[in-house]
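Novice: Following this message is one structure expressed as structure tokens.
The values are calculated or read from the model by the stated rules, or taken from the named source; none is laboratory data. All of these numbers come straight from a predicted model, not from anything done at the bench. For neighbour counting, all protein chains shown are included, and Cβ atoms are generated from backbone atoms with ideal geometry for every residue, glycine included.
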């Protein structure tokens with residue numbers, strides 16, 4: 001047996017994760033494991049608190065603990081509702097790290113513990129008598145709601161009187177509790193916002209999800225979007241339509257999402273050309289997401305983010321890599337070079353995306369079909385390119401190799417005939433974004449450049465045995481902007497024409513687009529001159545020069561934009577134009 | 001704390017972990033010290049968190065849609 005195998009989990013067990021959507025029963029199993037993991041984390045936190053040596057900290061912790069333990073004993077489903085809230089996982093991890101590494105007194109995670117206990121007690125109508133700290137003036141009761149307008153105080157005293165089913169805040173009746181529903185009383189001294197919950201149903205399959213906009217352990221407070229009735233309405237409408245799409249055309253994923261997704265933390269919506277979303281390894285079943293532009297985007301984003309959660313669940317059991325891999329990989333879904341563990345996440349998540357568009361391409365029509373074909377073709381190309389790189393890594397464990405190999409086999413078996421314009425657009429976009437990445441992050445070694453300069457002066461062809469390293473360039477931002485514009489060209493030609501005729505509007509509409517891109521798209525002659533002038537100093541210009549020229553010169557610039565830039569900066573080649581150097585490069589490379 | 005640790009990893013038994021759900025919080029918290037299983041789980045949680053925090057903290061991406 002290989003040294004990197006864990007007892008009890010065979011490599012074949014990984015296949016369940018590699019084979020697409022999992023069943024509801026399997027997802028519930030993952031939740032059971034997550035529940036046990038969180039119970040043990042709670043136990044560890046308590047043990048650390050007891051050892052912290054501060055009696056006041058221990059005493060306050062124990063008050064909340066008693067409340068929580070009572071709920072677990074007497075009302076397990078309601079205890080579980082709060083325990084298994086995705087953001088409870090984020091809080092627990094923060095608490096655990098704090099309690100393992102530093103002083104707990106005054107820590108944010110310790111201060112939030114009474115909120116967790118109070119939420120459980122209120123849901124379960126259990127006795128409650130706790131001082132509960134506020135966060136940014138708000139009393140957050142996870143999965144239940146938020147009390148605001150509590151005045152200038154750092155904490156309040158909560159009591160639940162089970163005889164009258166009333167929650168008092170500093171002695172004043174605030175909420176009536178009725179069968180897990182909390183309703184503001186007319187004389188409440190504060191404001192009550194119940195948690196934002198969505199329920200959808202289609203063809204007998206329903207899902208329920210919360211929009212968790214106030215949790216202090218979700219996204220950065222600087223990057224959260226507080227809901228109001230209008231934005232909730234927008235989410236609700238989009239969810240209803242997205243659920244219909246998932247149930248109708250991607251039923252296996254719908255089943256998985258219904259069983260796996262519990263909450264979304266809404267992020268501010270900034271850019272309709274991109275869906276911003278992420279998943280924390282600590283918050284199983286949750287995601288952070290800006291409101292997508294349409295229902296299809298929301299549907300694919302739910303599939304995408306749940307893929308991350310599933311992989312996190314697998315990573316709890318097995319290691320996908322058994323040693324450090326120093327390689328910084330090129331992935332088309334990020335502007336920055338990525339380490340192997342990040343790449344594996346991307347590969348897994350985008351496999352769900354390609355699978356989604358595969359089905360979508362066969363069911364859509366008109367512009368939607370072209371778009372679905374493009375997404376399928378582009379991301380399939382991207383995945384196979386990345387998997388090619390990853391499969392060379394010696395750091396993959398037996399499990400990791402099996403997962404990647406299985407994914408590759410699945411993807412290679414997916415065939416959707418692409419219409420000629422889509423096929424051309426995929427090729428054009430993918431080679432362009434790949435070249436952009438190389439222009440920014442790839443660096444030819446000095447010895448290779450010296451050999452090339454010598455070859456140029458001696459009239460010899462370029463030798464493509466060039467040693468290159470990856471150096472992260474923080475200026476790389478939206479390097480796939482041309483691909484965004486190509487999508488617009490494909491599905492909305494009139495809008496595309498408007499954009500290229502109005503550079504100011506184009507630059508405003510598509511982040512990362514530069515004047516040189518517009519120039520290239522509108523005026524070939526001027527584009528060559530402009531790009532040639534900028535190629536030495538600007539990675540984007542070097543690639544634009546390639547885009548403005550015909551094959552095979554374009555191909556060699558796309559393959560070696562970093563080499564072209566270095567040669568243009570060589571004193572020994574001063575005065576020689578970018579086009580001349582590029583033409584020379586093309587003579588030597590097959 | 002070493003996050004990027006690719007040495008021998010704590011092995012968590014699936015069955016033993018799931019048993020925790022039947023034992024319940026009150027029983028497991030009666031122990032004075034974190035159990036052996038608990039220690040393995042915590043080690044693994046921290047290592048996993050650290051590995052991911054090492055590259056971004058989140059598996060985030062900005063997916064380009066329509």
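Residue by residue, here is whether (1) in contact with a strand residue (DSSP E or B) (Cβ under 6 Å, 6 or more places away or on another chain); (2) under 23 Å from residue A:279 (Cβ atoms); (3) modelled with pLDDT under 95; (4) outside any loop (DSSP other than H, G, I, E, B) holds:
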{"position": "A:89", "(1), (2), (3), (4)": "no, yes, no, yes"}
{"position": "A:95", "(1), (2), (3), (4)": "no, yes, yes, yes"}
{"position": "A:100", "(1), (2), (3), (4)": "no, no, yes, yes"}
{"position": "A:103", "(1), (2), (3), (4)": "no, no, yes, no"}
{"position": "A:131", "(1), (2), (3), (4)": "yes, no, no, yes"}
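Novice: Among the residues of segment A:135-145, is any over 21 Å from residue A:263 (Cβ atoms), over 27 Å from the mean Cα position of the chain (by Cα), at pLDDT below 95 and in a loop (DSSP other than H, G, I, E, B)?
Specialist: First, the residues of segment A:135-145 that are over 21 Å from residue A:263 (Cβ atoms): A:137.
Next cut, over 27 Å from the mean Cα position of the chain (by Cα) only: A:137.
If we keep only those that are at pLDDT below 95 too, we end up with A:137.
Okay, now just the ones that are also in a loop (DSSP other than H, G, I, E, B), so A:137.
For segment A:135-145, residues over 21 Å from residue A:263 (Cβ atoms), over 27 Å from the mean Cα position of the chain (by Cα), at pLDDT below 95 and in a loop (DSSP other than H, G, I, E, B): present.
Novice: Filter segment A:517-555 down to the residues that are more than 20 Å from residue A:581 (Cα to Cα) and assigned to a helix (DSSP H, G or I) and list them by number.
Specialist: First pass over segment A:517-555, keeping only residues more than 20 Å from residue A:581 (Cα to Cα): A:517-519, A:521-523.
Passing the criteria: A:517, A:518, A:519, A:521, A:522.
Novice: Just to be sure before I move on: is residue A:433 in contact with a strand residue (DSSP E or B) (Cβ under 6 Å, 6 or more places away or on another chain), farther than 18 Å from residue A:308 by Cβ and touching a residue at least 60 places away in the same chain (Cβ under 8 Å) in the structure I sent? Spell out the reasoning first.
Specialist: Details: in contact with a strand residue (DSSP E or B) (Cβ under 6 Å, 6 or more places away or on another chain): no; farther than 18 Å from residue A:308 by Cβ: yes; touching a residue at least 60 places away in the same chain (Cβ under 8 Å): yes.
Taking the combined requirement at face value, the residue does not satisfy it.
Novice: Report, by residue number, each residue of segment A:188-208 that is over 25 Å from the mean Cα position of the chain (by Cα) and either in contact (Cβ under 8 Å) with a residue 12 or more places away in the chain or not in a loop (DSSP other than H, G, I, E, B) (or both). Spell out the reasoning first.
Specialist: The first filter runs over segment A:188-208 and keeps only residues over 25 Å from the mean Cα position of the chain (by Cα), leaving A:188-194, A:201-205.
Of everything in segment A:188-208, those that are over 25 Å from the mean Cα position of the chain (by Cα) and either in contact (Cβ under 8 Å) with a residue 12 or more places away in the chain or not in a loop (DSSP other than H, G, I, E, B) (or both) turn out to be A:188, A:189, A:190, A:191, A:192, A:193, A:194, A:201, A:202, A:203, A:205.
Novice: Out of segment A:243-301, which residues are in a strand (DSSP E or B) and within 13 Å of another protein chain (Cβ to nearest Cβ)? Reasoning before the result, please.
Specialist: The first filter runs over segment A:243-301 and keeps only residues in a strand (DSSP E or B), leaving A:263-267, A:275-278, A:280, A:286-290.
Residues satisfying the conditions are A:265, A:267, A:275, A:276, A:277, A:278, A:280, A:286, A:287, A:288, A:289, A:290.
Novice: What tally of residues in segment A:68-85 results from selecting those that are assigned to a helix (DSSP H, G or I) and within 12 Å of chain B (Cβ to nearest Cβ)? Even if it seems obvious, please write down each step before you answer.
Specialist: Of all residues in segment A:68-85, those assigned to a helix (DSSP H, G or I) come to A:68-74, A:76-83.
Next cut, within 12 Å of chain B (Cβ to nearest Cβ) only: A:68-74, A:76, A:79-80, A:83.
Of the residues in segment A:68-85, 11 are assigned to a helix (DSSP H, G or I) and within 12 Å of chain B (Cβ to nearest Cβ).
Novice: Let me ask something additional. Among the residues of segment A:345-372 satisfying the criterion of being more than 10 Å from chain B (Cβ to nearest Cβ) and over 20 Å from residue A:246 (Cβ atoms), which is farthest from the chain's Cα centre (by Cα)? If you could, list the steps in order and put the result at the bottom.
Specialist: Here is the first cut: in segment A:345-372, the residues more than 10 Å from chain B (Cβ to nearest Cβ) are A:347, A:351-352, A:354-366, A:369-370.
From what is left, the residues that are over 20 Å from residue A:246 (Cβ atoms) are A:347, A:366, A:370.
Values: A:347: 12, A:366: 29, A:370: 25 Å.
Taking the candidates together, the pick is A:366.
Novice: Contact list please: Cβ distance under 7 Å, first residue in segment A:315-341 and under 14 Å from residue A:382 (Cβ atoms) and more than 10 Å from chain B (Cβ to nearest Cβ), second residue modelled with pLDDT of 90 or more and in a loop (DSSP other than H, G, I, E, B), pairs at least six apart or on different chains.
Specialist: Pairs that qualify, where the first residue is under 14 Å from residue A:382 (Cβ atoms) and more than 10 Å from chain B (Cβ to nearest Cβ) and the partner is modelled with pLDDT of 90 or more and in a loop (DSSP other than H, G, I, E, B), are A:329/A:337; A:330/A:337.
Novice: Scan segment A:111-129 for residues that are crowded, with 23+ Cβ neighbours inside 10 Å, touching a strand residue (DSSP E or B) at 6+ places or on another chain (Cβ under 9 Å) and not in a helix (DSSP H, G or I) and jot them down.
Specialist: A:128
Novice: Of the residues that make up segment A:209-225, is at least one within 28 Å of residue A:487 (Cβ to Cβ), within 13 Å of chain B (Cβ to nearest Cβ) and either assigned to a loop (DSSP other than H, G, I, E, B) or touching a residue at least 24 places away in the same chain (Cβ under 8 Å) (or both)?
Specialist: The answer is yes; a qualifying residue exists.
Novice: Here is a follow-up. Give me a count of the residues in segment A:476-491 that are more than 9 Å from chain B (Cβ to nearest Cβ) and either assigned to a helix (DSSP H, G or I) or in contact with a helix residue (DSSP H, G or I) (Cβ under 7 Å, 6 or more places away or on another chain) (or both).
Specialist: Looking only at that region, the number is 8.
Novice: Is there a residue being more than 30 Å from residue A:492 (Cα to Cα), in contact with a strand residue (DSSP E or B) (Cβ under 6 Å, 6 or more places away or on another chain), at pLDDT 95 or above and surrounded by fewer than 23 Cβ atoms within 10 Å (Cβ to Cβ) anywhere in segment A:336-355?
Specialist: Looking for residues that are more than 30 Å from residue A:492 (Cα to Cα), in contact with a strand residue (DSSP E or B) (Cβ under 6 Å, 6 or more places away or on another chain), at pLDDT 95 or above and surrounded by fewer than 23 Cβ atoms within 10 Å (Cβ to Cβ), one finds none in segment A:336-355, hence no.
Novice: Restricting to segment A:302-314, name every residue that is in contact with a helix residue (DSSP H, G or I) (Cβ under 7 Å, 6 or more places away or on another chain) and more than 7 Å from chain B (Cβ to nearest Cβ). Before the answer, list the steps.
Specialist: The first filter runs over segment A:302-314 and keeps only residues in contact with a helix residue (DSSP H, G or I) (Cβ under 7 Å, 6 or more places away or on another chain), leaving A:302-304, A:306-311, A:313-314.
Listed by number, the residues that qualify are A:302, A:303, A:306, A:307, A:309, A:310, A:311, A:313, A:314.
Novice: Something else about it: For segment A:452-474, state whether one or more residues are touching a residue at least 60 places away in the same chain (Cβ under 8 Å), crowded, with 21+ Cβ neighbours inside 10 Å and part of a helix (DSSP H, G or I).
Specialist: yes
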